[in-house]
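These notes are about the structure you will find just below.
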Amino acid sequence: MSAREVEELVAALSDKGLSVREVEQLAHGFFRGPESFRQEIRKGNLALPLERIRQAAQSPGCSEFERVLLKDLELTQKYMQRVMGKSQDPRLASRAFHAQCHLLSGGILSRARAFL
């Protein structure tokens with residue numbers, strides 16, 4: 001993700017009256033989706049990409065159990081990105097934080113093989 005791409009996205013979504021959730025969904029699709037998705041956003045045709053997102057969220061052909069698991073995976077991805085983004089912050093300096101962090105990270109990493 002380059003600064004130019006971020007600026008393109010901000011320009012395309014500014015003053016469109018979008019919810020935070022819609023902005024998040026469009027940003028995710030813009031940076032991780034296909035080029036056709038980016039082109040629609042650049043053109044300002046936001047209705048089509050938002051409809052694609054809604055259709056994908058419904059996961060046609062999936063059972064309710066499968067849709068729930070897909071939502072869990074989506075949340076896992078979101079929080080993994082948040083943790084990675086925050087983990088380099090210099091404010092994370094206390095010994096107590098690092099001790100707790102190492103315990104939690106160890107627990108997570110011990111399950112990584114099963115997760116993968």
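Just so you know, all these numbers are worked out from the coordinates, no wet-lab data involved. Note that this is a predicted model, so its numbers are computed, not measured.
Side notes on the structure shown:
- Couplings 3J(HN,Hα) of the stretch 66-79, computed from phi: 5, 4, 5, 5, 4, 5, 4, 5, 4, 5, 4, 4, 4, 6 Hz, in residue order, whole Hz [Karplus 6.51 cos²θ - 1.76 cosθ + 1.60, θ = phi - 60°; x for Gly and Pro].
- Summed over all non-identical Cα pairs, the Kirkwood treatment of the chain gives a radius of 17.0 Å.
- Computed over the alpha carbons of the stretch 64-115, Rg followed by Dmax gives 14.0, 43 Å.
- Each principal axis of the stretch 3-58 carries a Cα extent, and these read 32, 24, 16 Å when sorted largest first.
- Centre separation in Å (Cα based) which lies between the stretch 38-74 and the stretch 78-116: 29 Å
- Report summary: the helix-based calculation at 222 nm, which adds -39500 (n - 2.57) for every DSSP H run with n ≥ 4 and divides by the residues of the chain, gives -24000 deg cm²/dmol.
- The chain: relative contact order as a whole-number percent, Cα under 8 Å and 6+ apart: 16 percent
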